[in-house]
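Visitor: Quick one: structure below, then a few questions.
The values are calculated or read from the model by the stated rules, or taken from the named source; none is laboratory data. Only a predicted model underlies this, so the values are computations on that prediction, with no experimental measurement involved. Heads up, the Cβs are rebuilt from the backbone with ideal geometry, glycines too, and the neighbour counts pull from every protein chain shown.
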Amino acid sequence: MKLLATPDFGATGFIMLCLGAVWLVVMALTLLGMWRGVQLLRSDGRERKQRGMVYLLASVVIPPSCWLGPSQLFRLVHGTYPVGGDARDKIHVGMTREEVISVLGAPHQTSQQEKREDWYYWCDACDLFWIGVEFRADGRVHGTYGN
């Protein structure tokens, strides 16, 4: 398992592998549900046909829910969608708070210290990637950071 411990791969890569494995399981169960649903629809008996329709309906509804669900849940929790991977490129030193809000929207999280304020934006719905925008006392961007 040395591959998973290298700095090039990291914890985020491992999490992405786990998410990929979950996706494969969902797709396999979807195909299995469709296959079983079609089998039941072709059989005799009203109850078996109804069960086949339930299998097919679940097989059609569950994958899009897994795809759309995280971003919708993120929006419910934070009020906005994730900002995307190119958000850091849109922020420049010297921008005002209002300019940052016009580009990225309201921050998902904030932190205030003595002479600075940090705004945090999530880049994806799984909260794996984020950027921080650091403001100094004058209210202008001093820099960005994150993963």
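Visitor: Do we have any residue at all in the range 28-48 that's in contact with a Pro (Cβ under 7 Å, 6 or more places away or on another chain) and either acidic (Asp, Glu) or farther than 30 Å from TYR145 by Cα (or both)?
Guide: Yes, the range 28-48 contains a residue that is in contact with a Pro (Cβ under 7 Å, 6 or more places away or on another chain) and either acidic (Asp, Glu) or farther than 30 Å from TYR145 by Cα (or both).
Visitor: What do you reckon, is ASP44 more than 18 Å from the chain's Cα centre (by Cα) and in the same structural domain as ARG136 (by TED's automatic domain parsing)?
Guide: no
Visitor: From (1) under 23 Å from ARG140 (Cα atoms); (2) of a type in the set (D, E, K, R); (3) in a helix (DSSP H, G or I), pick out the condition that doesn't hold for LYS49.
Guide: The single condition LYS49 does not satisfy is (1).
Visitor: Kindly list the number of the only condition in (1) in a helix (DSSP H, G or I); (2) more than 22 Å from TRP130 (Cβ to Cβ); (3) free of Cβ contacts under 8 Å to residues at least 40 places away in the same chain that fails for VAL26.
Guide: All conditions pass for VAL26, except number (3).
Visitor: Going by the conditions given, is VAL100 part of a helix (DSSP H, G or I) and farther than 30 Å from LEU29 by Cα? First the steps, then the outcome.
Guide: Details: part of a helix (DSSP H, G or I): yes; farther than 30 Å from LEU29 by Cα: yes.
Here the answer is yes, as VAL100 does meet what is asked.
Listed here are the residues, each with its yes/no results for (1) surrounded by 12 or more Cβ atoms within 10 Å (Cβ to Cβ); (2) free of Cβ contacts under 8 Å to residues at least 12 places away in the same chain.
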residue	(1), (2)
PRO63	yes, no
GLY69	yes, yes
VAL83	yes, no
VAL93	no, no
THR96	yes, no
ILE101	yes, yes
LEU128	yes, no
ILE131	yes, no
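Visitor: Then there's this: Let me confirm something: among GLY69, GLY132, which residue is within 30 Å of ALA21 (Cα to Cα), assigned by TED's automatic domain parsing to the domain that holds TRP35 and small (Gly, Ala, Ser)?
Guide: GLY69
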